[in-house]
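Reviewing the structure listed below.
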Amino acid sequence: MNLDFSQIVPYIPFMIEGIWVTLQFVIVSILVGFILGTVFALFKIGKIKPLKWVADAYTSIFRGTPLILQLMIIYFGLPQLFGYDISPFLSAVLAFGLNSAAYVSEIIRAGIEAVDIGQTEASMALGVSYRKRMIDIILPQALKNILPALMNEFITLTKESAIVSTIGYLDLMRRAQVVGADLFRNFEAYLFVGLLYYLMVMTLTIIGKRLERRLKRSD
Amino acid sequence: MIKIEYLAKSFDKNEVLQNINLDIKKGEVVSIIGPSGSGKSTLLRCVNLLEQPTEGKIFVNGDELTAPKANITKAREKIGMVFQHFHLFPHFTVLENITYAPIKVKQLSKQEAQAKGRELLERVGLADKENDYPNRLSGGQKQRVAIARALAMEPELMLFDEPTSALDPEMVKEVLDVMKDLAHSGMTMLVVTHEMGFAKEVADRVIFLDEGKLIETGDPKTFFERPETARAQDFLAKIL
Ligand SMILES: Nc1ncnc2c1ncn2[C@@H]1O[C@H](COP(=O)(O)OP(=O)(O)OP(=O)(O)O)[C@@H](O)[C@H]1O
Ligand SMILES: [Mg+2]
């Protein structure tokens with residue numbers, strides 16, 4: 001069998017650096033997706049019809065088309081329209097953040113709707129404003145219900161992040177390709193970054209389990 | 001202190017309340033009784049606008065709650081409500097449940113709110129439970145915390161919607177005792193209840209609702225011993 005891991009040893013720091021590069025835009029994308037997703041979820045459950053339509057249309061479009069297409073449109077398409085050269089990082093954050101917001105808004109909407117209506121009524125009866133009611137009473141309870149689904153979304157995003165290699169962003173995946181091309185052997189480099197992806201996902205999984213356990217304290 | 005004029009409420013085509021007129025004085029304890037589905041909860045929930053009346057006016061202390069530009073959120077601070085199923089905040093401790101609204105709505109300092117909260121817990125007999133989460137409490141204890149939570153806002157009026165119906169029989173008394181105490185302290189109370197004992201003993205006035213209409217009203221003694229209307233007689237014959 002033609003396997004020789006010693007050859008990738010000089011490239012290991014280069015590949016490990018990719019973890020940070022990947023994490024950087026994954027974390028920003030998760031934040032963008034989470035904040036925007038929460039806003040859209042509030043639109044969906046709100047009383048203002050036009051906002052509801054906007055949120056529903058948004059979700060439908062971003063869930064109904066391939067993520068890689070969205071990335072291509074942002075990176076290659078937008079500069080053609082606006083004459084502004086968008087960086088790979090910004091494209092990646094936009095594509096993943098906007099895409100994730102669509103999924104997250106559905107998760108959060110379902111989570112909010114699953115909170116007992118009595119919680120809303122009890123806080124209304126105490127004179128608590130809509131804003132405080134959402135932030136202090138409803139969202140924390142919704143979050144507890146949806147944490148597993150949310151963690152799942154973050155894990156998917158982390159793995160799917162590999163497609164930014166297609167726009168030349170030097171993430172983990174792209175670095176494996178670079179090393180493979182340099183050495184004329186691909187298996188070892190891909191296997192190595194595969195391991196790194198797996199470790200990242202496992203870390204997220206463990207964090208998720210911890211959070212879940214902490215939130216369950218009151219059960 | 002509360003005046004209800006020509007109140008009506010429909011859900012779509014279903015007329016749940018019709019032409020309700022009611023005047024409740026400060027310190028009065030009024031029991032609302034009637035068969036299931038007669039509109040008792042809906043009437044109570046109209047008073048703090050958890051339900052929007054279809055017609056009619058509601059005044060609290062002379063201010064019209066149903067006015068188009070009335071500040072409902074503000075008005076609700078003065079109206080406490082206790083629900084059949086407690087609706088405590090499960091992610092807060094007992095004390096946090098009680099101090100949340102005073103801190104966030106009335107802008108009390110944390111120390112002040114906690115001191116007051118502990119006083120209230122003492123009053124409902126749960127001083128040792130302040131750090132427990134609601135899921136650790138029995139039904140009767142939960143309801144007493146819910147009462148303390150409402151009282152923490154220093155309301156001028158308390159609404160109770162069947163506060164003991166979800167409780168095991170042995171826990172009914174501890175909650176009724178707290179309510180009796182409250183009645184004797186001069187609180188204005190509007191109480192939907194199936195506890196005829198409470199209505200007889202504590203209420204200043206009983207209101208009988210049937211099919212969304214106010215059929216009969218009177219002092220408890222007269223109402224229970226010599227009800228005037230046939231419908232009230234029927235209802236009392238069934239439950240007593
Ligand atoms: N949100 C709602 N939407 C539609 N119909 C409703 C709603 N709330 C109450 N109703 C209807 O209004 C009528 C009166 O209900 P309400 O809950 O006020 O009765 P109740 O006297 O409190 O009965 P119970 O003793 O069973 O609690 C019922 O026919 C009920 O189905
Ligand atoms: Mg009811």
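The values are calculated or read from the model by the stated rules, or taken from the named source; none is laboratory data. Nothing here was measured: the structure is a model prediction, and the numbers come from that model. Virtual Cβ from ideal backbone geometry, glycine too; neighbours counted across all protein chains shown. Accessible surface is based on the protein model in full, side chains and every heavy atom, while ligands, DNA and RNA are left aside. Shrake-Rupley method; radii C 1.70, N 1.55, O 1.52, S 1.80 Å.
Each part reduced to its alpha carbon centroid, segment B:1-74 and segment B:190-230 end up 17 Å apart.
Can you give the mean number of other chain Cβ atoms that lie within 10 Å of the Cβ atoms in peptide B:68-74? Let's see the in-between values first.
On the way: counts 0, 0, 0, 1, 2, 7, 2.
Counting Cβ atoms of other protein chains within 10 Å of each residue's Cβ and averaging gives 2.
Our helix-only sum for chain A, with -39,500 (n - 2.57) per DSSP H run of n ≥ 4 divided by its residues, gives a mean residue ellipticity at 222 nm of -24500 deg cm²/dmol. For segment A:1-152, the solvent-accessible area with a 1.4 angstrom probe is 51 square angstrom per residue. Relative to the longest principal axis of the Cα atoms of chain B, helix B:169-184 runs at roughly 90 degrees.
By its C-alpha gyration tensor, with a ≥ b ≥ c as the square roots of the eigenvalues, how is segment B:91-132 shaped: rounded for a/c under 1.5, else prolate for a/b larger than b/c, else oblate? Before the final figure, lay out the partial values.
On the way: a/c = 2.39, a/b = 1.49, b/c = 1.61.
Because a/c hits 1.5 or more and a/b fails to exceed b/c, segment B:91-132 counts as oblate.
In terms of distances greater than 24 angstrom between alpha carbons, the cross-link table entries B:Lys57/B:Lys213; B:Lys3/B:Lys173; B:Lys116/B:Lys180; A:Lys209/B:Lys142 yield B:Lys3/B:Lys173; A:Lys209/B:Lys142.
Rounding to the nearest 10 and keeping the result within 0 to 90°, find how far the Cα-based axis of helix A:88-113 lies from the longest principal axis of chain A. Relative to chain A, helix A:88-113 is tipped by roughly 30 degrees.
Rounded to the nearest 0.05, what FRET efficiency do B:Lys3 and A:Phe82 have when you use their Cβ-Cβ distance and R0 = 45 Å? List each step's numbers first, then the result.
Working: r = 63 Å, r/R0 = 1.39.
Given R0 = 45 Å and the Cβ-Cβ separation, E is 0.10.
With a cut-off of 16 Å on the backbone N, the residues of segment A:126-160 near the modelled label site 7 Å out from A:Arg210 along Cα-Cβ are A:151.
Kindly work out what percent of the DSSP beta bridges joining two residues of segment B:135-224 are antiparallel, to the nearest 5. Mind showing how you got there, number by number?
Working: 5 of 10 bridges.
Roughly 50 percent of the DSSP beta bridges within segment B:135-224 come out antiparallel.
The Cβ shell under 13 Å around B:Ser165 holds other residues with a net charge of -3, Lys and Arg each +1, Asp and Glu each -1. Which of the three applies to the protein assembly as shown, rounded, prolate or oblate, going by the alpha-carbon gyration tensor with a ≥ b ≥ c and a/c under 1.5 meaning rounded? The shape class here is prolate.
Restricting segment A:41-114 to chymotrypsin sites (Phe, Trp or Tyr not before Pro) that sit in a DSSP loop and have at most 16 other Cβ atoms within 10 Å of their own Cβ leaves A:Tyr84.
At a 1.4 Å probe, what is the % contribution of carbon and sulfur to the accessible area of chain B? Write out the running numbers ahead of the final one.
Values: 5040 of 10940 Å².
With neighbouring chains kept in place, the figure for chain B is 46 percent.
Based on protein heavy atoms only, segment B:54-199 ends up with 43 Å² per residue of surface accessible to a 1.4 Å probe.
B:Ala127: net charge of surrounding residues, Cβ under 12 Å, Lys/Arg +1, Asp/Glu -1, itself excluded? Once positives and negatives cancel, what remains is -1.
In units of 2.2 N^0.38 Å, what is the alpha-carbon radius of gyration of chain A? Spell out each step's value before the answer.
Details: Rg = 20.8 Å, N = 219, 2.2 N^0.38 = 17.1 Å.
This ratio for chain A stands at 1.22.
Counting Cβ atoms of other protein chains within 10 Å of each Cβ in B:95-105 and taking the mean gives 3.
Peptides A:173-183, A:127-137: what's the order by average Cβ count within 10 Å, highest mean first? Spell out each step's value before the answer.
Numbers: A:173-183: 18.8, A:127-137: 17.1.
Ranked by mean Cβ neighbours within 10 Å, highest first: A:173-183, A:127-137.
Considering only chain B, what is the antiparallel percent among its DSSP beta bridges, to the nearest 5? Before the final figure, lay out each step's value.
On the way: 19 of 36 bridges.
Taking every DSSP beta bridge with both residues in chain B, the antiparallel ones total about 55 percent.
The angle between the Cα long axis of helix B:110-123 and the main principal axis of chain B comes to about 60°, on a 0 to 90 degree scale. Once the C-beta distance of B:Glu211 and B:Asn135 is scaled by a Förster radius of 45 Å, the resulting FRET efficiency is 0.70 to the nearest 0.05. When the accessible areas of B alone and A alone are added and the area of the pair subtracted, with a 1.4 Å probe, the result is around 1900 Å², both sides summed. In a fully extended conformation the segment linking B:Thr222 and B:Phe11 would gain 72.6 nm over its present Cα-Cα distance, using 0.36 nm per residue. Taking Cβ atoms as reference points and 14 Å as the exclusive limit, the residues near A:Asn152 contribute a net charge of -2, counting Lys and Arg as +1 and Asp and Glu as -1. Note on B:Lys173 and A:Thr65: their simple-model spin labels are 7.0 nm apart, each label 7 Å out from Cα toward Cβ.
Surface composition of chain A: carbon and sulfur atoms hold 68% of the protein heavy-atom accessible area at a 1.4 Å probe.
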